[in-house]
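What follows draws every value from the coordinates through simple rules; no lab data is involved. Please read all numbers here as calculations on a predicted model, not as lab measurements. Heads up, the Cβs are rebuilt from the backbone with ideal geometry, glycines too, and the neighbour counts pull from every protein chain shown.
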Amino acid sequence: MKNDLRKALEEIEYFLLDMDGTIYLSDDPIGDMANTLNFLREKGKKIIYLTNNSSKNVIKYVEKLKKLNFYADSDEVYSSALGAVEYITDNYKGQSVHVLGTENVKEELKNKGLNVTESLHADIALLTYDVELTYEKLCNFVKCINNGAKYFATHPDACCPNVEVFLPDAGSFIKMIEVSNGFTPEVIIGKPSTVMGDNLMRRLNLTPNKFIMVGDRLHTDIKFGVNCNFYTMLVMSGETTKEVLEKSPTKPDFILDSLNDVKNYF
Ligand SMILES: [Mg+2]
């Protein structure tokens, strides 16, 4: 593996980094990650923080990353909410969007040019990770789909890593709606779908071999990288155990204990 990764690093331009479990765990950086990220930049690699989490806007992520001493620019954070903006703008420009989401994220989507509405007769119903979810919001969202809106979701993750206990994420909201009404999303934007990868390749005008997806989850991060034909690196600093890896049909190109070890391959 050592030689292969060394060789791959010569052509890779962009490190697409999952966040929780990959560069930090909750509020703690993994090892000396700030140093590792600086090292990658010194080697001329560009970084994009790629997250399925659509509960926060980009400014909040940049604040969090800076608090951990990770240098971060707002154009380096790419969330599934921003992926949804690009997807809707490219394919359904101007159509109205009823968002199940936090006020923060609704504001961000508006600022990025989406026609966000509270109407139950919107063209599109977009489910995000709404950590301000209420029963009323959920019912309105379902009514909107029932009224004929196209149903999209930002990401499929069922749970959000947390120190004490896994917390319900957007994927569990998707299930709740499916169980109650039978509605399922036509499109899910986040990893492992290729939407965000396709957007990046087009926006940066680069081929897949210029990217490596680094993450701690096989069925989202690594599957995404495989689906996009990117290089993939699984880090064992988060969710995946050796047992899970052995049984998984999704195999990463490279496996490291943590991203900090990448320094040994330059
Ligand atoms: Mg993760």
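So if each residue of separation counts as 0.36 nm, and I subtract the Cα-Cα distance between F166 and F39, what length gain in nm does that give? Mind showing how you got there, number by number?
Working: separation 127, 0.36 × 127 = 45.72 nm, distance 3.25 nm.
42.5 nm is the gain from fully extending F166 to F39.
With the chain treated as a Gaussian network of Cα nodes joined by springs under 10 Å, which of P156, P249, P168 yields the largest mean-square fluctuation? In this elastic network of the chain, the residue with the biggest mean-square fluctuation among P156, P249, P168 is P249. Working note: 222 nm ellipticity from helices only, DSSP H runs with n ≥ 4, each -39,500 (n - 2.57), summed and divided by the residues of the chain, gives -10500 deg cm²/dmol to the nearest 500.
Given the peptides 232-245, 215-228, arrange them by the average over their residues of other C-beta atoms within 10 Å, most packed first.
Working: 232-245: 18.7, 215-228: 24.1.
The packing order, highest mean first, is 215-228, 232-245.
Is there a pair in K143/K251; K64/K263; K143/K223; K93/K210; K137/K251 whose C-alpha atoms are over 31 Å apart, and which pairs would that be? Going by Cα-Cα distance, K143/K251; K143/K223; K137/K251 fall outside the 31 Å limit.
Using Cα-Cα distances under 8 Å and only pairs 6 or more residues apart, what relative contact order does the range 81-188 have, in percent? Let's see the in-between values first.
Values: 178 pairs, mean separation 24.9, N = 108.
Once normalised by length, the contact order is 23 percent.
The range 203-266 and the range 27-61 have their alpha-carbon centroids 15 Å apart.
Here the contact order of the chain, divided by its residue count and restricted to Cα pairs under 8 Å and six or more residues apart, works out to 21 percent.
Considering the range 81-188 at the alpha-carbon level, its Rg and Dmax are found to be 13.2, 42 Å. Here the label points at R202 and Y71, each 7 Å from Cα along the C-beta direction, are separated by 3.1 nm in the simple model. Spin-label model, N140 to S96: label points 7 Å out along the Cα-to-beta-carbon direction sit 1.3 nm apart.
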